[in-house]
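Where a number appears in this text, it was derived from the coordinates with a stated rule and is not lab data. Keep in mind that this is a model prediction, so the values were computed, not measured. Cβ: placed from backbone, ideal geometry, glycine included. Neighbour counts: every protein chain shown.
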Amino acid sequence: MRKAWLRLLIAALRGPTVQDVRSVLDASPFGAAAAGFMALTFALASIGKAPGPELAAWTVAVCVLCAWLWAHSRRERRLWANAPANRRISRRGVRKLAAMAVLFAAPWTMLVTLAVGRGLPRPVETLALVLAAGAAAGGGLMLHRIPISVLCYTGLVLGAIAAASLGREPAVLWPLALLAPPFWAYLIQTSRYMARTARAMERSVAAMRRSLAELGRAHERIRRLAFDDQVTGLPNRTAFEMRLRAALRRADGPASLLLVNLDRFRLVNELHGHRAGDAALREAAARIAHACEDGALVARLGGDEFAVLLRTGDAAAASRLAGRLAQDLARPLRIGPDAVAHLAASVGIARFPADAADAEELMASAEMALHEAKSTARGRACIYAHALRERAARDERMERALRRALAEGGLRMVYQPKCDLRTGRLVGAEALLRWTDPELGPVGPDVLLSVASRRGLLERVSDFVFDRVARDLRAWRAQGIATGPIAVNLHPDDLAAPEALVGRLERLASSGIAPRDLVLEITEGCALGAGADLAAMTLDALVEMGFELALDDFGTGHAALSHLKRLPVSEIKIDRGFVQGVTEPGADRAIVAASLEIAREMGLRCVAEGVETPAQAAALLRMGARVGQGYLWSPPLEAGDFAAFAGAAAANGTGAAGGGSAPEEA
């Protein structure tokens, strides 16, 4: 008990917190109302039994005090509303609270003094004592959060009861005097426990509110992670697809979907780092959003791909927006204090319901249109057409067949000799890919490689080509057959994935195939488009590794001379289309002559493709050509037949003469 009183005294001296004061202020209007009701009850019960002036004065004083307490508590609640809840009241504030408790205890001490020992009827005395004791209990419970106020208030009221009871008839009032101290202790302890319970409840409520707030923030973070792109702040693929499905289900009208892909974006990440790439994405997202009209939904689907949903099915409006996007995204993008990125945008457009019946089909149609835009020429827009879906279905069938061929050995390599035009001596060969499917029949290399590129199988096809050429070279070397270097064609996508290409060539080197054993053939398409810069760097790296490069189909592409000047090639191959007309005066002969002259001036080797007749070979020889390739010597041969051809050529010192008309070479 002593410890409990000591703790109570320490709590009283330490002072309550702001939250304790707020709790008392919240209860004060009800306490004031209860006190006023008790005062009126006593006044009505004592009419004619107690002195009128004194009773009236006391009743008016209590009612005025209660009214003042009501108004004061409401005003103080507004003043304390924004104060920190855990801040403790100053000592001056504690003294003020104690003085207020004494003030509100005064009416009940006066009531006991006026009613007891003044010769009033016993019921009036008893009622006064009961009301005073009730006021002490009620006030103590109302003030339970402020220990100093509880001590002062209950001590004064119960002390007055005890004092007034002493000296009265022992049988009646002395028990009240004896019960007052324990009752006071009981009120003090009850107030203390109530205060502790209230504070614990407040802490629990505060903890629950913090938990709910943290839960809300966590929910918002989860929502942002689930539905917002973390780089651009735009909706991500999940959010976009949900809103797209909802918009199409509402059937508000026709709509257009634009898929926007940033060409050459991978170069930004590779050359400047991912932070610069993120800056480019944010700038691109801002430009896309700015170019779109109000009501359009813009999202980042992932990587370098964005989506725009328009509330119109007008193809012309969608095409105009695609043009604005391509123009805006072609302007330099700021990716650092002193760095800019030059990108382009390819756009695929599909319309609802003209091109698709639901959201999934609309996305697929736009994807097909985007792929068509990227495959024809980067930086352009393409509107979906049903022919694209038909081609996609054909590609699907061909992809399944190609996967089966890769797994079951359905692909094969053939080799067409390259011979000296004067002596017929074998000087090398070109490795050519062939595929004959049981269901599709013969599939040309151009079609095969196009499907492999679109369907993500080109790396596996390239692995097969290099591994098979390496195996055949090792086999011929074991037989003592000299073949000269074997030319292997590189696809533009091979140059766009330099890590895979270099790894492939390093595997060849580890298996005994030296760079001098191969010639890597490229086309002018490798120097065009969005990946030209990366392709040029890859080609330089191949030359540094010791490989020689040949420019295939020279003269058939765009700006052939500028490419010849820029690309690190050692050999050019004159296209068969020009060789066919070399025996007759005209443009073909002039182009061939000019090509040979350019090769001589630049110190390059020159190979004439598609030589089919001795007359063509003689004409080329007279013009200065030294090496030819074509059906005049041999069609493309299987590995075993090519070994026999090379052996026969080595035995007689000449190439094996071929005859007959040549089929069109794939």
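Using all alpha carbons of the range 258-368, what is the percent of pairwise distances in each 10 Å bin, ordered from the shortest bin to the longest?
15, 46, 28, 10, 1
Suppose we look only past 45 Å in the calculated P(r) of the chain. What percent of the Cα-Cα pairs does that tail hold?
Of all Cα-Cα distances in the chain, 54 percent exceed 45 Å.
With an 8 Å cut-off on Cα pairs and a minimum separation of 6 or more residues, tell me the relative contact order of the chain in percent.
8
What is the Rg over Rh value, at two decimals, for the range 421-559, using alpha-carbon atoms and the Kirkwood definition of Rh?
0.97
Based solely on its DSSP helices, what 222 nm [θ] is calculated for the chain when runs of n ≥ 4 H residues each add -39,500 (n - 2.57) and the sum is averaged over all residues, nearest 500 deg cm²/dmol?
Per the formula, -20000 deg cm²/dmol.
Apply the Karplus parameterisation 6.51 cos²θ - 1.76 cosθ + 1.60, with θ equal to phi minus 60°, to every residue of the range 416-432 and state each ³J(HN,Hα) to the nearest whole Hz, in sequence, with x for glycine and proline.
Karplus values, whole Hz, x for Gly and Pro: 9, x, 10, 10, 5, 5, 8, 9, x, 5, 5, 10, x, 7, 10, 7, 10.
Which ³J(HN,Hα) values, rounded to whole Hz and listed in residue order, are derived for the range 470-476 from phi using the Karplus coefficients 6.51, -1.76 and 1.60 in 6.51 cos²θ - 1.76 cosθ + 1.60 with θ = phi - 60°, glycine and proline given as x?
4, 5, 5, 4, 5, 5, 5
Taking θ as phi - 60°, what are the ³J(HN,Hα) couplings along the range 136-150 by the Karplus curve (6.51, -1.76, 1.60), each to the nearest whole Hz, with x for Gly and Pro?
Those phi angles translate into 5, 5, x, x, x, 5, 5, 8, 4, 7, 10, x, 5, 6, 4 Hz.
If you rank Arg92, Arg22, Arg397 by fewest surrounding Cβ atoms within 10 Å, what's the result?
Fewest to most other Cβ atoms nearby, the residues stand as Arg92, Arg397, Arg22.
So what's the angle, to the nearest 10 degrees on a 0 to 90 scale, between helix 174-227 and the longest Cα principal axis of the chain?
Taking Cα atoms only, the helix is inclined about 10 degrees.
Rounded to two decimals, what is the ratio between the C-alpha radius of gyration of the range 393-448 and 2.2 N^0.38 Å?
With N residues counted in the range 393-448, Rg over 2.2 N^0.38 Å equals 1.53.
Work from the charge dipole of the chain (Cβ charges, +1 for Lys and Arg, -1 for Asp and Glu, about the Cα centre) and give the residue of Ala164, Cys419, Gly581 farthest towards its positive end.
The one lying farthest along the dipole's positive direction is Ala164.
Compute the signed sum of charges (Lys and Arg +1, Asp and Glu -1) over the other residues within less than 13 Å, Cβ to Cβ, of Arg217.
+3
If exposed GluC sites (Glu not before Pro) are those in a DSSP loop with at most 13 other Cβ within 10 Å, what is the longest stretch of the chain that has none?
Here the longest segment lacking exposed loop sites spans 1-292.
Cα axis of helix 359-376 to longest principal axis of the chain: angle in degrees, 0 to 90, nearest 10?
So the helix axis and the longest Cα principal axis differ by about 40 degrees.
Going by alpha carbons, how many degrees (0 to 90, nearest 10) lie between the helix axis of 237-250 and the longest principal axis of the chain?
The answer is roughly 80 degrees.
Taking R0 as 45 Å, what's the FRET efficiency between Gln479 and Gln580 from their Cβ-Cβ distance, rounded to 0.05?
According to the calculation, E is roughly 0.80.
Which one, Val447, Thr232, Ala276, projects farthest toward the positive side of the charge dipole computed for the chain from Cβ point charges (K/R +1, D/E -1)?
With unit charges placed on the Cβ atoms, the residue in question is Thr232.
Go ahead and run the numbers for FRET between Glu214 and Arg88, Cβ-Cβ distance against an R0 of 41 Å, rounding to 0.05.
E(calc), rounded to 0.05, equals 0.90.
Using just the alpha carbons, could you tell me how many Å³ per residue the convex hull of the range 410-652 encloses?
Here the figure is 129 Å³ per residue.
Check which residues have an amide H placed less than 5 Å from Lys418's amide H, if you skip close sequence neighbours.
Correct list: Val427, Gly428, Ala429, Glu430.
Could you size up the charge dipole of the chain around its Cα centre, putting +1 on the beta carbon of Lys and Arg and -1 on that of Asp and Glu, and report it in debye to the nearest 20?
6160
Which residue, chosen from Pro51, Ala133, Gly31, occupies the Cα position most advanced towards the positive end of the dipole of the chain, where the dipole is computed from +1 (Lys, Arg) and -1 (Asp, Glu) charges on Cβ about the Cα centre?
Ranked along the dipole, the leading option is Pro51.
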